[in-house]
Each structure stands twice: as structure tokens, then as C-alpha cells.
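No value in this document is a laboratory result; all are computed from the given coordinates. What you see is a predicted model, and the numbers here were worked out from it, not measured in a lab. Every residue, glycine as well, gets a Cβ built from its backbone with ideal geometry; the counts of neighbours run over all protein chains shown.
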Amino acid sequence: MAGLDILYFAWVRDGIGRDGERIDTPARDTSIAALIESLAARGGGYAQALGQPTRLRAALDQRFVPLDTVIGDARELALFPPVTGG
Amino acid sequence: MAGLDILYFAWVRDGIGRDGERIDTPARDTSIAALIESLAARGGGYAQALGQPTRLRAALDQRFVPLDTVIGDARELALFPPVTGG
Amino acid sequence: MSITASVRTDDFDAAVELSALEALGGGAVASFTGIVRGEGDLLTLHLDHYPAMTQMQVERIAADAMARWPLLGIRIVHRVGTLRPGDRIVFVGTASRHRKAALESCAFLIDWLKSHAPFWKKESFADGRESWVEAKAEDDAKASEWLSPTP
Amino acid sequence: MSITASVRTDDFDAAVELSALEALGGGAVASFTGIVRGEGDLLTLHLDHYPAMTQMQVERIAADAMARWPLLGIRIVHRVGTLRPGDRIVFVGTASRHRKAALESCAFLIDWLKSHAPFWKKESFADGRESWVEAKAEDDAKASEWLSPTP
């Protein structure tokens, strides 16, 4: 069981109060959206940061993906707001 | 009689062998094309440089104009190939 | 073909970047430099990023640009950390034998960086307020104009 | 608003031009630099120009760009005289609060200079040949894309 590394950036990290964590590998067919919902259900900073999934973007193993993507064998999930670089 | 200053650039100047000259002011309704024809009729370098008007461009008082433009009150006419700057 | 991309906290020298591109012999060099604007009593701009992903993103962007235009070189610099008004944030430079290729690819790369590179900006103001910059719909729209035919 | 345009025989420093544009506070600076390519044993490139007209042309070009885009600054440098492969010929830089305005106006200005500014290039080769560069239909076409609505 390798687990899934989750990384938080920008105000997602500020809300949750940490820059990442490792969780037990979810079922292969779990979508990112479903995982976000389960994390938000923890309440507190999680609910604040993850309660409005339309404001979130995700990357799975360092590639941008839609939130309905299933996590599958991915090792790293990042959750963040739309990017504002450049 | 102020005369008309004619300036030559690039291979027009090379062909004619001078960078410009002053001529008597042509009739007001003379077109640039007609003036080119009369200059080319001098033969020699003039014929060589000005014999193919489609290869020429003109500026009248420092503004690009079509060759059928009449010279009118202009004081300076420049004859040259299409520009190749930049 | 020469591609360099760096993500760094310290300032960069646009002249060095330009010289490297000029030396490639293409004849046409285009660049874009982004600088922190000092509006509304902005004190600092903090740039957060996702380091592991940034490198991959920038390599993909550069490869995409290479596939679209006949380029001799691409140089990308993106700063992270804490910046102040007047500081440079980003540089994109391209070299080609064709000015259209240099100019278009430069525009493409900066649009792409704005909308697809994992950077986030937080503004801190003189009165103590702090806020994360919201993405502009405009940036998403710009990037869509270049919609990639590559897989 | 700051417009500078110079036609000169000596080299210029692109970094100085860029710094001046960066200092205008707009946040977006775009540039294009043209360099002499050393193809086919090119020894020198000689640039002839029509000095009295050049200044007027450049002022008109800059005014036209100002009318089309919200710009804070334009810097144009065009060299004349005898250049060698690797030498810079032309620089166009623009500053704006909007990257699209900076990038588009930069492309517009260089297209315009290529097709409407009174410069002519003569190439001299190692074997003694000399020839005036022919205008490319492409350059006329590029300039037409920007077809001016201004009188």
C-alpha cells in the first residue's frame, strides 16, 4: 500500500493549514471529485478549502485533469485554485 | 521657380549614378509615372534605373504615393525600389 | 535547438537571455517580460508554485511550441517567492529565422504560462490585507485560442 | 506616454531599451530584435535610407500604434550603414498594462517597419558579388493584415 500523496497549493493550503498529506490509497475507481467530497466532510479548514469544488482544479501525477477523473494508480494528487502565473 | 528635388535610393541611385538632382518644376498635372518616363528617355543609367516603372516606388514630399499621383506643388520626389528594412 | 527554462527566486537579466537567443543566428528574436505592477498600495506579490509539475509543464509547453513553429531557441524564466512592484516576474524569449514564428510563439508561450503553468499569486497590501489573485476568464480564453492539436 | 525612435549607425543595447520600457510601470513589455543572418557567405549588409522620411514615417507608425492599443511606451531603433552577420539591425519594444496590447503592437510595428519604412538593404558576399535585397511579397501581405482604419 503505497498510499496517495495529496498536495495543497495557494488558498487551499492556507485553508487546510498544511501543504500536503499522505492518505490510504482510495479505491481505484474513486474520482477526484468524490475524494474532495470526503475530505471536505472532515469539516473545519477542509470544509472551508474544499467545500466548493467548482473553485478547484486538480493535477494527477503532475498533469492537469478534470475533477471527474478517477484516481486509479496515481501516486500524487494536487488540489489548488485556477493558476495565476506569468 | 523653386524646382523639384528628385532623390534616388538603392539600385535606382546606383543605376543613375547620383543620389539626386534638381529639375525645373514640371507642369502641375504631370504624374510621377510621366516624369519617370521622361527621365528614362534620357537613356544610359536613367533608362536602366527607370525603364521598368513597375519595379519602382515613389514618395512625394516624404509620403509614399502611387505612381499615378500628380506632382502638383510638391517640392521633393523620391524614387526607389520597394523598401526592405527591418 | 536550444531550450532553457528556469524557475528561480532571484532576479534575472533580460539582456543575458536576449543575447543567448541572438547568438543562435536566426535573425529574429522576440521577447515578453512581465513586471509586478504597483497598484492599490501593493506591498508584495508572493508566487507559490508546484515545483515538480512546473518543470514538466514548461518542457511540454516548449515542445509544443517547437512542434508549431520553426524555432531555434526558447528561453523561459519564471520567478517565485516574494516580489515587489517593479520586479520582473517572467520572461519568455524565442528565436527563429522568421519573425512571424518568433513573435507568435512568444505570444503563445506567455499565454500558456499564464493559464497552464502551476503558479499562484498572493497580493499583500500596505494596510495588511492579503489575497490570492483570482484567475481571469480572459487568460483561459487566450489559451483556448491556441487550442492544441497535439495529444 | 513615452515614444523614442532612433536611426543610427552604431550598435544599441537591447537591455537599455528594455529597462526603459520596464520602468514605465505597465507590467507588460514585448520586444522584437532583428539580427543580420550570415547566409551564403554574406560579408556585409549595407542599409541605405531616406533620412528625412524615416523620422516622419516612424512618428506616424508610433502614433498609429498608440491609436490602436493602450500603450505606455514605444521604443524603436533602426540601424543604417554597414553591418555584419550577427549584428543587430532593428529593435522594437512596447510597454502596456496588457500583454496582448504589448505583443500585438510589437508585431504590428515590426511588420510596418519592414514594409513601410524607407530602408533598403544591399548584400555583399565573400566572392565580391553585391546585390540589393528584393522586397518579399510576404512583407507587403503582413502589413496589409494590419490595414489601417486611420486616415
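Where the label is 7 Å out from Cα toward Cβ, how close does residue D:81 come to the same position in every other copy, in nm, shortest first?
Listed shortest first, these distances are 4.2 nm.
Treating only the Cβ atoms of Lys and Arg (+1) and Asp and Glu (-1) as charged, compute the dipole magnitude of chain B about its Cα centre; round to the nearest 20 debye.
Here the size comes out at about 200 debye.
222 nm [θ] for chain C, helices only, -39500 (n - 2.57) per DSSP H run of 4+, per residue, to 500?
Result for chain C: -11500 deg cm²/dmol, rounded to the nearest 500.
Positive end of the dipole of chain A, charges at C-beta (+1 Lys, Arg; -1 Asp, Glu), about the Cα centre: which of A:71, A:12, A:60 has its Cα farthest in that direction?
A:12
Using the crude model of +1 on Lys and Arg Cβ and -1 on Asp and Glu Cβ, and no other charge, please compute the dipole size for the range D:2-144 relative to its Cα centre, in debye to 20.
The dipole magnitude comes to about 460 debye.
Test of understanding: extend the Cα→C-beta vector of residue D:20 to 7 Å, then name every residue of the range D:78-94 with backbone N under 15 Å from that spot.
Within reach of a label on residue D:20, which here means backbone N under 15 Å from a point 7 Å along Cα→Cβ, the range D:78-94 contributes D:78-79, D:90-94.
Can you run phi through the Karplus equation (6.51, -1.76, 1.60; θ = phi - 60°) for the range C:85-96 and list ³J(HN,Hα) in whole Hz, with x for Gly and Pro?
The phi angles translate into x, x, 6, 6, 9, 9, 9, 10, x, 9, 10, 8 Hz.
When you look at the Cβ of every residue in D:114-124, what mean number of other chain Cβ atoms sits within 10 Å?
5
With springs only between Cα atoms under 10 Å apart, run a GNM on chain D and tell me which of D:11, D:127, D:48 wobbles the most.
Comparing D:11, D:127, D:48 in the GNM, the peak value goes to D:127.
Taking the Cβ-Cβ separation of residue B:42 and residue C:97 as r and a Förster radius of 41 Å, what is the calculated FRET efficiency to the nearest 0.05?
Computed FRET efficiency for residue B:42 and residue C:97 comes out at 0.45.
Of B:33, B:41, B:59, which is the most mobile in a GNM of chain B whose springs link Cα atoms less than 10 angstrom apart?
Evaluated over chain B, the most mobile residue of the options is B:41.
Kindly work out what percent of the DSSP beta bridges joining two residues of the range D:2-144 are antiparallel, to the nearest 5. All intermediate terms of the calculation are to be shown ahead of the outcome.
On the way: 28 of 35 bridges.
DSSP beta bridges in the range D:2-144 are roughly 80 percent antiparallel.
Between copies, how close do the residue D:130 label points come, placed 7 Å along Cα→Cβ, listed in nm from shortest?
Between copies, matching label points for residue D:130 lie 6.8 nm apart.
May I ask you to report, in nm to one decimal and beginning with the shortest, the distances from residue C:3 to the same position in the other copies, taking label points 7 Å along Cα-to-Cβ?
4.0
Quick one: in chain B, whose Cβ comes closest to the B/A rotation axis, and how close in angstrom?
Residue plus distance in Å, as requested: B:86, 14.
Between C:131, C:105, C:115, find the one with the highest GNM mean-square fluctuation for chain C; connect C-alpha pairs within less than 10 Å.
Comparing C:131, C:105, C:115 in a Gaussian network model of chain C, the most mobile one is C:131.
List the residues of the range C:70-97 whose backbone N lies under 13 Å from a point placed 7 Å from the Cα of residue C:6 along the Cα-to-Cβ direction.
Zone members listed by number: C:75-80, C:91.
Please compute, for peptide D:95-102, the average count of beta-carbon atoms on other protein chains lying within 10 Å of each residue's beta-carbon.
Mean partner shielding for this stretch: 3.
Cβ neighbours within 10 Å, averaged per peptide: list D:75-84, D:55-64 in order, most packed at the top.
Ranking, from highest mean packing down: D:75-84, D:55-64.
Rounded to whole Hz and in sequence order, give me ³J(HN,Hα) for the range B:23-40 from the Karplus expression 6.51 cos²θ - 1.76 cosθ + 1.60, θ = phi - 60°, writing x for Gly and Pro.
For the range B:23-40, the Karplus-derived couplings read 10, 4, 4, x, 3, 3, 8, 5, 8, 4, 4, 5, 5, 4, 4, 5, 5, 4 Hz, x marking Gly and Pro.
Among residues other than residue A:36 whose Cβ falls under 15 Å from its Cβ, what is the net charge (Lys/Arg +1, Asp/Glu -1)?
Charge balance near residue A:36 sits at +1.
Per residue of D:4-16, count partner chain C-beta atoms within 10 Å of its C-beta, then hand back the mean as an integer.
The mean count of partner-chain Cβ atoms within 10 Å per residue comes to 1.
Evaluate the charge dipole of the protein assembly as shown about its Cα centre and quote only its size in Debye, nearest 20, assuming +1 on the Cβ of each Lys and Arg and -1 on the Cβ of each Asp and Glu.
Here the protein assembly as shown has a charge dipole of around 40 debye.
Is the shape of the protein assembly as shown rounded, prolate or oblate, going by the alpha carbon gyration tensor and its root eigenvalues a ≥ b ≥ c, with a/c under 1.5 for rounded and a/b larger than b/c for prolate? Could you put the intermediate results ahead of the total?
On the way: a/c = 3.08, a/b = 2.62, b/c = 1.17.
Because a/c hits 1.5 or more and a/b exceeds b/c, the protein assembly as shown counts as prolate.
In this model, which of C:122/D:100; C:114/D:136; C:114/D:121 are farther than 27 Å apart at the alpha-carbon?
C:114/D:136; C:114/D:121
In percent, how large is the relative contact order of chain D, given Cα pairs closer than 8 Å and 6 or more residues apart?
On the way: 281 pairs, mean separation 49.4, N = 151.
Relative contact order here is 33 percent.
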